[in-house]
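Q: Got a structure for you, written out below as structure tokens; questions coming shortly.
The values are calculated or read from the model by the stated rules, or taken from the named source; none is laboratory data. Just so we're clear, the structure is a prediction, and the values are computed from it rather than from any experiment. With ideal geometry, Cβ positions are generated from the backbone for all residues, glycine too; neighbour counts draw on all protein chains shown.
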Amino acid sequence: MVYETPPSDLVISENMRSMQGWPELGCALWQLVVLVSFSQTEEPTCVQIGDPEIAQLSQDGDIVLGGIFYFHSSWKNREDMYTQKPLALQCISLSLFYQLTCRPLVNLKSSLNFREFQFAQTMLFAIEEINNSTDLLPGVSLGYNIYDTCGSIPKTIKVALALNNENGNTSSNSDTPCTKPVQVQAIVGETSSSPSTAIGTLIGPFHIPLISHFATCACLSDKTKYPSFLRTIPSDYYQSRALAQLVKHFGWTWVGAVRTNDDYGNNGMATFTETAEQLGVCLEYSVSFFRTDPIEKIQKVIETIQASTSKVIVAFVSHLDMDVLIHEMSNYNLTGYQWVGSESWISDSQIAVVDKNHVLDGAIGVSIPNTHVSGLREFILDVRPLRSLNNDLYKEFWETLFSCKFKQEKSDENYRECTGQEDLTGVENSFTDMSLMPIFNNVYKGVYAVAHALHEILGCDETCNKNVQLDPLTVSMYNILQHIQKIHFKTKEGEEVFFNENGDPAAKYEVINWQPRENGIVDFITFLENESVNLLLLQVPVSVCSEKCPPGTRKVLQKGKPVCCHDCIGCAEGEMSNITDAVTCVRCPPESWSNERRDACVKKEAVFLSYNEIMGILLTTAALFGTCVTAIVTIIFYRNRTTPLVRANNSELSFLLLFSLTLCFLCSLTFIGQPSKWSCMLRHTAFGITFVLCLSCVLGKTMVVLMAFKATLPGSSMMKWFGATQQRLSVLGFTIVQVIICILWLSISPPFPSKNFEEFKEKIILECALGSALGFWSVLGYIGLLAVLCFIFAFLARKLPDNFNEAKFITFSMLIFCAVWITFIPAYVSSPGNFSVAVEIFAILASTFGLLICIFIPKCYIMLLKPEKNTKKHMMGKGPPKTF
């Protein structure tokens, strides 16, 4: 980024300062001076705004790759006064950084980031390996320009601009154009997500490939915003979901969340929160911070954790921010929490080294699988600054690593002199630690992806044509980007490398668990996705807002709280829940009912009036007893059939009545037992027909008695209408009417077995549905009509001579009959379940016993105990009529 300006700009600046007292006039004069100045004939010069960025590591080559890393972790803030040229951004030592931010020291004398140095070394290793290869880019040498950004986004942007346009000043009269082509064909880096978004936005329109090894923000997958961004590490889109599933696996539904306040932390935690909610995990709190925040904000994060009830903390934090957080937690002695970490820090053994107070013991998280790059470890550790004595970065690295100073720079007596021959074999720090080998491998794969794309573009076989390779149309940024996006190859270790349509690799993770030893060293136990993770934690903590609702209950959310906070309410009768944390209780099927625990539906007991229960036994006994008594009476009558008493009472009708009474007793048995299709039709029709037959006989006997005495009157011819034939026809006629009613009932809508679920909640009543209520009440009404007629005729005959009159006994029997059946109607309607059947049987038996006792027992008494009265003389005797 350059502009053309004359050498007289200092004069213009002085004039500008002198006119600050007259703003309006000064502005107009300023425009005039600028116009005149640019119209001068002095030779213009292309000048870059600000100080040019200098590569910390560089090497020439036929094709040059860019590298962006933050070798230093912090920078010195500056105050721009707008009265003089701003100072260049300076990287500062870590001790000064903590002094400026009131943070405790971490016993490091420089902000040199050994991890980033390892990443840069990996890039150099890959380039050197490619340059020495005869299979990949033969005859083409790769160079590099690697810059330090100090972790500053503004400086990162300046570095990106420097890689986009070559640094330096150029005369416009020279053959070299003021705006030069890009100095690199691809960029490897940046490590963090926020700087990567800044670089991706800046260089995206120029189609310069940017391949990151550690920027995981899912936002970078948006090709509309970052068209030239690719990465060799999976997107947080998958990591966030993996963390949510991990939390759910251990049953943690009430967790806290801490995140870095940047693109990495905010986007990653947003995806985690969304997935966690879908899995039923709730966040009690979600707090953010950044390592440069005031100490008060970090302390507020600690206070939030202390005040919480959740015992699990999901930390979507970068390793640098985690380092700051650990020191603050150590000051508060904040232990006893289960940490779930993102890959930025969970696999970094140096975080475990810094955790002296074991704040993170038992931490668990996900990371990309471990891998190995042959020869890389030896290359990284083989650093000799004397070979590159003029390189300040190597010198600073060596001085920081061994706490010494080289002779020409020694100024502090407390430091010993560096010889350059110090032994690295006994050093244990973040530089010699190779726990981030998977990330080194990502850098390695990124460089090789560019090399394979160039190999295809240049059409290299045994060698590459240098005339073609230097053609800007052939090796254009867009051409390289397209080939990288389509590349698919295997590394020397056999790992496949390719990118999807979003520029992301295939996602694969392993679970990591921190298990401390007795000596304080932390072991990183890893589990792949096909291995069990049940043994990861020696003691899995419980972290829930509310305990799980057991079967038999349902969850009811607590007002004003997250969905994980709930009360457990027992299921209502007839409902059940057989799972834990049921949202609703399920209504049991009609034939089932919930048990006492409400965790299962049990089949309802099917009840009916059976022969095995007490009531059934009693009613059966009564029916059989009545049948036996009727049979005995029949025998008595049969043996005395020639006696005047039997003959005077129409023996034919008497025997028919006894037969019908027997059927009445027996038909009551059809009401006992499990209802079936045939028993339901039989019980009501048999009851109706037998009772009509019985009442027809009684009505015939009453009419015969009444008409017999009416016929004794002079001139009466009524008896010819009530002869034996007429009596038989009347009985048959009355009965046929009932038969017709029953046939119509059975034909149109017959009774049928049904299950009554309404009477009892926990029982099923097996009963006979009426089918047609009109049919049932017609049968019952016809019986009632005959009973009323019998009562009327018997009542009219009550004053006939006593010795020959059985009308009063019929009257008593009809009174009992009508009383029973009038009482039966409300009792039948109001009786629940099988009690209604018992009521109907009782009515049948009671009315039948009433007829049997009132009509036949007095005659049996005379025939058995008073035979002297069973004579024709006695039967023809006249006595004074009695009132009734």
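Q: Taking LYS248 as the residue in question, decide whether it is of a type outside the set (Gly, Ala, Ser), surrounded by fewer than 20 Cβ atoms within 10 Å (Cβ to Cβ) and either touching a residue at least 40 places away in the same chain (Cβ under 8 Å) or outside the structural domain of MET437 (by TED's automatic domain parsing) (or both).
A: On the way: of a type outside the set (Gly, Ala, Ser): yes; surrounded by fewer than 20 Cβ atoms within 10 Å (Cβ to Cβ): yes; either touching a residue at least 40 places away in the same chain (Cβ under 8 Å) or outside the structural domain of MET437 (by TED's automatic domain parsing) (or both): yes.
Against the criterion (of a type outside the set (Gly, Ala, Ser), surrounded by fewer than 20 Cβ atoms within 10 Å (Cβ to Cβ) and either touching a residue at least 40 places away in the same chain (Cβ under 8 Å) or outside the structural domain of MET437 (by TED's automatic domain parsing) (or both)), LYS248 qualifies.
Q: I need the helices (runs of 4 or more DSSP H) fully contained in segment 266-366, keeping only those with at least 2 residues that are of a type in the set (S, T, N, Q), outside the structural domain of SER192 (by TED's automatic domain parsing) and over 27 Å from the mean Cα position of the chain (by Cα).
A: In segment 266-366, 295-307, 319-332, 349-354 are the helices (runs of 4 or more DSSP H) which contain 2 or more residues that are of a type in the set (S, T, N, Q), outside the structural domain of SER192 (by TED's automatic domain parsing) and over 27 Å from the mean Cα position of the chain (by Cα).
Q: Based on this model, can you work out whether LYS445 counts as part of a loop (DSSP other than H, G, I, E, B), of a type in the set (Lys, Arg) and at pLDDT 90 or above? I'd like the intermediate steps shown before the answer.
A: On the way: part of a loop (DSSP other than H, G, I, E, B): no; of a type in the set (Lys, Arg): yes; at pLDDT 90 or above: yes.
No, not satisfied.
Q: Is it fair to say THR702 is surrounded by fewer than 17 Cβ atoms within 10 Å (Cβ to Cβ), at pLDDT below 80 and in a helix (DSSP H, G or I)? Talk me through it step by step, then tell me what you get.
A: Working: surrounded by fewer than 17 Cβ atoms within 10 Å (Cβ to Cβ): no; at pLDDT below 80: yes; in a helix (DSSP H, G or I): yes.
No, not satisfied.
Q: Just checking, how many residues over segment 536-586 are in a loop (DSSP other than H, G, I, E, B), under 14 Å from ARG598 (Cα atoms) and not aliphatic (A, V, I, L, M)?
A: 13
Q: Return the residue satisfying two criteria in turn: it lies in segment 582-631 and is farther than 24 Å from GLU767 by Cα and in contact (Cβ under 8 Å) with a residue 60 or more places away in the chain, and of such residues it is surrounded by the most Cβ atoms within 10 Å (Cβ to Cβ).
A: This residue is THR630.
Q: Follow-up question, since we're still on this one. Among what's in segment 372-397 and is of a type in the set (Ser, Thr, Tyr) and modelled with pLDDT under 90, pick the residue that is farthest from SER318 (Cα to Cα).
A: Initially, segment 372-397 is screened for residues of a type in the set (Ser, Thr, Tyr), giving 374, 388, 394.
If we keep only those that are modelled with pLDDT under 90 as well, we get 388, 394.
Values: SER388: 32, TYR394: 26 Å.
Ranking the candidates gives SER388 first.
Q: Let me ask another. Here are some residues: PHE655, PHE637, PHE665. Which one is surrounded by 21 or more Cβ atoms within 10 Å (Cβ to Cβ) and either outside the structural domain of ARG683 (by TED's automatic domain parsing) or under 17 Å from LEU695 (Cβ atoms) (or both)? Lay out the reasoning, then the answer.
A: Details: PHE655 fails: surrounded by 21 or more Cβ atoms within 10 Å (Cβ to Cβ); PHE637 fails: either outside the structural domain of ARG683 (by TED's automatic domain parsing) or under 17 Å from LEU695 (Cβ atoms) (or both).
Testing whether each residue is surrounded by 21 or more Cβ atoms within 10 Å (Cβ to Cβ) and either outside the structural domain of ARG683 (by TED's automatic domain parsing) or under 17 Å from LEU695 (Cβ atoms) (or both) leaves just PHE665.
Q: Which condition breaks for ILE857 when tested against (1) more than 17 Å from CYS664 (Cα to Cα); (2) crowded, with 16+ Cβ neighbours inside 10 Å?
A: (2)
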